[in-house]
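For reference, the structure discussed in these notes is given below.
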Amino acid sequence: MSLSLTSITQQKGMPIAEATRRIADLGWTPSYVKEAMAFPTDYKISRQPKDPMKQVLRSYFPMQEEKDNRVYGALDAALRGDMFRNVDQRWVEWMKLFLAIIPFPEISAARSMAMLGRLAPGDDLRTGFTMQMVDEFRHSTIQMNLKKWYMENYIDPAGFDITEAAFGKCYATTIGRQFGEAFITGDAITSANIYLQVVAETAFTNTLFVAMPSEAARNGDYALPTVFLSVQSDESRHIGNGHSLLMSILNNPDNHLLLERDIRYAFWQNHAIVDAAIGTIIEYGTRNRDKKKESYAELWHRWIYEDYYRTYMLPLEKYGIKIHHDDVHQAWEDITKNGYVHKVAQFFSAGWWANFWRIDPLDERDFDWFEYKYPGWYNEYGAWWENYRKLSKPGSVPITFADTGYVYPHRCWSNLVPCVIRDQLKVDEVDGQLYTYGSEVDRWTHKEAFSGEYKGRATPAMGRFSGRRQWEELYDGWDVADAIKDMGFVRADGKTLIAQPHLSLEEKDMWTLDHVRGNTIKAPITTLRSLSPEDREKHIAEYRKGSAIRLV
Amino acid sequence: MNMQATIEEEAVSGAAGTKTFPSSDSRKYNYFEPKGRKATHYEDVTVDVQPDPERYLAQNWIISFANGDPTYSKDWTCIKSANWHLFRAIDQEWERNHYQRQSTIVGMIENVIQNGRRSGAPSRFDKQWVGILQDHLGAYKHFEYGIGVALMNAQRRGYTQMINNALLTNSSYKLRMAQDITLYLGEIGLDIPGFDPSAGKKHWLEDEIWQDTRRAIETVMGTNDHLEQYFAINVCLEPLVGELFRNGYIAQLAAAQNDFMTPSVVSAGEADYDRNLANTAELFITLVNDPTYGAENKAILQDWLKTYGGLALSAAHNLEPLWSLPAVKIAQFAGALQAQLERIDTITNAIGLTPLARH
C-alpha cells in the first residue's frame, strides 16, 4: 500500500460554511456614528441576502492568479505562434470599437459594488460583493492590457492608440457609455442590481463574452477568447450575487412594482445596446461564413430566449412579478424579422468616416451567408452594400451623402441607438421638449420610468437622463472634415483618416480629410424640433414608412 | 519560399510591421501624459478609463442622480484640484500584480498556519496570550474590516480612475486582512480547547478598551467624503491604531509568549500599509501643492488631522491596558505609542502639515 501526500499533510480544518459564517460576522451595526447612506434607492430590503458562493478571499486570490497565468501565458504563445500573421483584419478592426467601450462598463461594475454593499443588510453577501469588485477591476485592466497588446502587434494600431479618448467622443461608443453609466447612476438597486447583475451579467454576458470569443477564434484571433472566457468565468459569481440580492428584494411585496419597472427597462435597454453592438460585430465583423455555425439570431435564441427568459425571468412570476413577455417577443422579432442587427450595421457603415476603425465592404461570400441565414436579406440590404463597395474609393461621395435613398436615422433618446426599425419610431414630449425614441418601451423608459413618480408612487431615487445625449447635436452644422479633426480621428500625418471604408493600407486607397470635406452634418432631432407641427407629422409619417435603397 | 508566396503572405498578414502607412508605427496610447519619460504598464491600463467631461467626454455624463449629481462629481469631496488627473499610484497596481501580491500573501499565511499547527505551536502559546488573541486580536479584526468597508464605498466616488483604483486595492487589502485574522483565529482555535472565536466581536462591541477605536472607524464610515476617509484611515488611524496594535503590540510581544505564528500573519498588514500609505501620501502631497487650491486643501487636511488624529490618539490611549495583559511584558505602551507618534509626524511632515497636537 502506497502513501499519498495528502494522508501525511492532512490537517483538521474549519468547514467552509463555518469559515464564511465567521467572516460574515465581521460586520456590526455602528452605534456611535450612523453609516453614511451615499446612494439612495426606493426599494426596501428587509431580508438579509445570503452568499451563495461561500468563498473566502484566501482561496479567491490564488484561483484568480492561476487564471491570470493562463491568460498571459496564452498571449505569449499567440505571439510566438505568429497569430497576427493569420488574423483577419476585418475582425480586429471591430475590436477597436469593442475594446474602447468595454473597460468602462467593467470598472463601473466595480464601482457599483460600493452602492450595493451599503444597501444589503448584514454582511453575508459583502464578501461576494468584494470579490465582484476586485473581479471587475481585473476585467477592466486585463481588457486594457489586451487592447495594448493588439496595438503593439497588429498591423494597423491607429484607433487603438487613441482608445479612451475615442471612447469619449465617438458616435458609436455613446451607446457603451449609456450602458456603463446605467450600472452606477440613479437608484442603486435599479442600476447595480437589476440593470447590471440581473440582466446584463445574467443574460447578456453570454453573447458578449461567450458568443463573441467563438467568432474571434474563427477569425484567427485566439487572444480575445483567452481573455474573455477567463472574464466570463467570474460572471457566475456575479450572477449569484445578483440573484441572492434579488431574492431579498422580492421578499417584500412593496418592491414588486419597481421590480416590474426595472426588469422591463433593463431588459429592453440591454437588448437594444448589446444586440446592436455585439450583433453587428459577430455578424459583420467576421470573415467566417460557415453555414453550419449559429447566426446571431440563433445565438440569441439559445442564450437569451431559452437560457435567460425561460429559466430565469419566467420563474420570477411565481413571486408575483409581472414579466413583460411582449417585450421579449418583440426583441426576438426585431432580431429575426425586422433586421435590427442588419440595420445597425448599415448605420455603422453609413457613418464610417465618424469611426476610429475600418469597415470593409461585404463580398459575395458574405451576401451568400446572410441570404442563407436571413432569407430576403439581399433584397433589403444588398443594394446598400453594393453601394458601399462602389463608394469605398477615395474621391467618391461618402455614402452618407450619396443619393442612395438612405435617410440618416433619428437617435433614441433612451438607449442612444439610432431608431433603425423605422416603423417603430415614437415621438413624445417630456417637460415641454420633443424627443425621439426607437420603440414604445424606450418612450416609456424616458417618460415614465426615469421620473420622480411611477404609477402614483414617489420614486425620488430614480435617475434622470442628462448631458448632451445625442452625438449629432455636438456637430450639427459642422463640416465632416472639421468634426473628424475635432474628434482626433486622424492619423499621424495630420490628414489621413483613421476610419476607412475598406481594408487597404495603400496610401493611394486611403481617404483623407480633403476627401470628405464639403459635407455637412445635420442633427435629425434639431431638424425635427424646428419643423411646424404639420410638417413634423408629415416627416414622422415618411420616416416610419422607411425608404428603399437604390443603386448608385 | 518563392517571391510570389512572400508577396501574397505580406498582403494578407495582420502582423505589425508588415506595411508602412500613416500611423503604422503609432504603438503607444497617445492621449495622456505619462508621469515619467515613458508610460508604465499601470498607466496604460488605468489612465482615462473613467472619463472626464473636461478631457474627452464630449457629451458629458449622460445619466444623473435625481438630485442632479452627474455620474461622477468633483463635489463629492471638499478637496479641490486644478488637475485631478495628475495622481499616479506609487504601487502601480493593476489586476495582474494585485493578484500576484495578494496570492503570495495568502499563501504565506496559509503556510505559517499549517506548519505552525502541524508542529503543535498553538498548544504551546502562553495561556494568558491565548486569551489576548481570542479577545483582542479578535476585536481588532473588526477594525480592519471597517476600514475595508469604508474604502469599498469610497472607491465609487473619486474623480479619476487612478484615485478610485488606489482606493479599491486598499479596500481589497484590508478586507483580506480582516478575513486572514478571522480564519487564523478559527484555525488555531481548533487546537486550543475552550477557545471562543466569537469573543472578539463581544469585546469589539462592549469592551471599553476598544470603544474609542470603534468610535473612530465608525466616524470614518459615517462620512461620504472619500478623500476624508482615505486621509483619516491612512494618515491617522493606521499609524496610531492599526500599526500600534500590529507592530507595537502583536509583533513585539508575541514571541515572548511562545507565539511565532501571529506576528507572521499580522506582518502582511504592515507591508500592505506601507504601500497604501505611499499612495495616500503621494495623493495628498499633490493636492497640497496644487497651484490653485493648495493652501485651501492644506487647511482642510489640517482640520481632518485634528479631528481624526484626535480620535485616533484617543483610541490609542484607550488601548494602553492591553500592554499590561501578557504574562511576559517585554514592551511598554509608552514606547510603542512614541514610535507611532513619530511615524505620524513623519507622514504629516511629508505631506506638509503641522504635526498632530498631542492632547
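Tabulated data
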item: Pairs with Cβ under 6 Å, 6+ apart, first in the stretch B:98-127 and in contact (Cβ under 8 Å) with a residue 24 or more places away in the chain, second open to solvent by 60 Å² or more (accessible area, probe 1.4 Å) and among the aromatic types (Phe, Trp, Tyr); result: none
item: Residue identified as farther than 30 Å from A:GLU473 by Cβ, open to solvent by less than 10 Å² (accessible area, probe 1.4 Å) and not aromatic (Phe, Trp, Tyr) among A:ALA203, A:ALA217, A:ALA182; result: A:ALA203
item: Residue identified as free of Cβ contacts under 8 Å to residues at least 60 places away in the same chain, within 10 Å of chain B (Cβ to nearest Cβ) and on the phi < 0 side of the Ramachandran plot among A:ASP161, A:ASP123, A:ASP156; result: A:ASP161
item: Subset tally (residues that are closer than 24 Å to B:TRP323 by Cα and part of a helix (DSSP H, G or I)) for the stretch B:220-261; result: 26
item: Positions within the stretch A:359-382 being open to solvent by less than 20 Å² (accessible area, probe 1.4 Å) and part of a helix (DSSP H, G or I), in sequence order; result: A:ASP366, A:PHE367, A:TRP369, A:PHE370, A:TRP377, A:TYR381, A:GLY382
item: Residues satisfying the stated conditions in the stretch A:16-50, i.e. open to solvent by 50 Å² or more (accessible area, probe 1.4 Å) and over 40 Å from the mean Cα position of the chain (by Cα); result: A:SER31, A:TYR32
item: Residue ID - farthest from the other protein chains (Cβ to nearest Cβ), chosen from residues in the stretch B:48-106 that are open to solvent by 20 Å² or more (accessible area, probe 1.4 Å) and on the phi > 0 side of the Ramachandran plot; result: B:GLN92
item: Within the stretch B:333-359, considering residues that are of a type outside the set (A, V, I, L, M, F, W, C) and within 13 Å of B:ALA316 (Cα to Cα), the one least open to solvent (accessible area, probe 1.4 Å); result: B:GLN340
item: Failed item, numbered, when B:ILE113 is tested on (1) more than 10 Å from every other protein chain (Cβ to nearest Cβ); (2) farther than 30 Å from A:ALA109 by Cβ; result: (1)
item: Exclusive hit being assigned to a loop (DSSP other than H, G, I, E, B) and within 14 Å of chain B (Cβ to nearest Cβ), set A:SER414, A:SER392; result: A:SER414
item: Long-range neighbours under 6 Å by Cβ, at least six apart or interchain, first residue without any contact (Cβ under 8 Å) to a residue 40 or more places away in the chain within the stretch A:42-62, second among the β-branched types (Val, Ile, Thr); result: A:LYS54/A:ILE16; A:LYS54/A:THR20; A:ARG58/B:VAL106; A:PHE61/B:VAL106
item: Conditions (1) open to solvent by less than 50 Å² (accessible area, probe 1.4 Å); (2) polar (S, T, N, Q); (3) in contact (Cβ under 8 Å) with a residue 12 or more places away in the chain: number failed by B:SER13; result: (3)
item: Failed condition for A:GLU235, given (1) open to solvent by 10 Å² or more (accessible area, probe 1.4 Å); (2) touching a Ser or Thr at 6+ places or on another chain (Cβ under 6 Å); result: (1)
item: Looking only at the stretch A:515-552, and only at residues there that are within 14 Å of chain B (Cβ to nearest Cβ) and within 20 Å of A:TYR388 (Cα to Cα), the one that is least open to solvent (accessible area, probe 1.4 Å); result: A:ILE521
item: Residue ID - nearest to B:ASN153 (Cα to Cα), chosen from residues in the stretch B:186-198 that are in a helix (DSSP H, G or I) and either within 7 Å of chain A (Cβ to nearest Cβ) or open to solvent by 10 Å² or more (accessible area, probe 1.4 Å) (or both); result: B:GLY186
item: Residue within the stretch A:174-192 that is farther than 18 Å from A:GLN269 by Cβ and within 8 Å of chain B (Cβ to nearest Cβ) present; result: no
item: All positions within the stretch A:324-341 that are part of a helix (DSSP H, G or I) and either among the charged types (D, E, K, R) or open to solvent by less than 10 Å² (accessible area, probe 1.4 Å) (or both); result: A:ASP326, A:ASP327, A:VAL328, A:ALA331, A:GLU333, A:ASP334, A:ILE335, A:VAL341
item: Which listed residue is under 27 Å from B:GLU218 (Cα atoms) and hydroxyl-bearing (Ser, Thr, Tyr), from A:SER140, A:SER108; result: A:SER108
item: Residue, farthest from B:ILE90 (Cα to Cα), within the stretch B:25-39, restricted to residues that are within 7 Å of another protein chain (Cβ to nearest Cβ) and surrounded by fewer than 20 Cβ atoms within 10 Å (Cβ to Cβ); result: B:SER26
item: Checklist (1) closer than 27 Å to A:HIS256 by Cβ; (2) part of a helix (DSSP H, G or I) applied to A:HIS539, failing item; result: (1)
item: Failed condition for B:TYR42, given (1) part of a helix (DSSP H, G or I); (2) over 23 Å from A:PRO460 (Cα atoms); (3) more than 10 Å from every other protein chain (Cβ to nearest Cβ); result: (3)
item: Long-range neighbours under 7 Å by Cβ, at least six apart or interchain, first residue of a type outside the set (S, T, N, Q) within the stretch A:8-33, second assigned to a helix (DSSP H, G or I) and at pLDDT below 95; result: A:ILE23/A:THR127; A:GLY27/A:ARG126
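Yes or no, residue by residue, for (1) within 9 Å of chain B (Cβ to nearest Cβ); (2) on the phi < 0 side of the Ramachandran plot; (3) over 15 Å from the mean Cα position of the chain (by Cα):
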residue	(1), (2), (3)
A:PHE84	yes, yes, yes
A:ARG90	no, yes, yes
A:PRO103	yes, yes, no
A:SER108	yes, yes, no
A:ARG111	yes, yes, yes
A:GLY128	no, yes, yes
A:SER140	yes, yes, no
A:GLU152	yes, yes, yes
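The values are calculated or read from the model by the stated rules, or taken from the named source; none is laboratory data. Bear in mind that the values here come from a model prediction, so they are computed numbers and not experimental data. Quick reminder, even Gly has a Cβ in these numbers, built from the backbone with ideal geometry, and neighbours come from all protein chains shown. Calculation scope for accessible area: heavy atoms of the full protein, side chains included, ligands and nucleic acids excluded. Shrake-Rupley method; radii C 1.70, N 1.55, O 1.52, S 1.80 Å.
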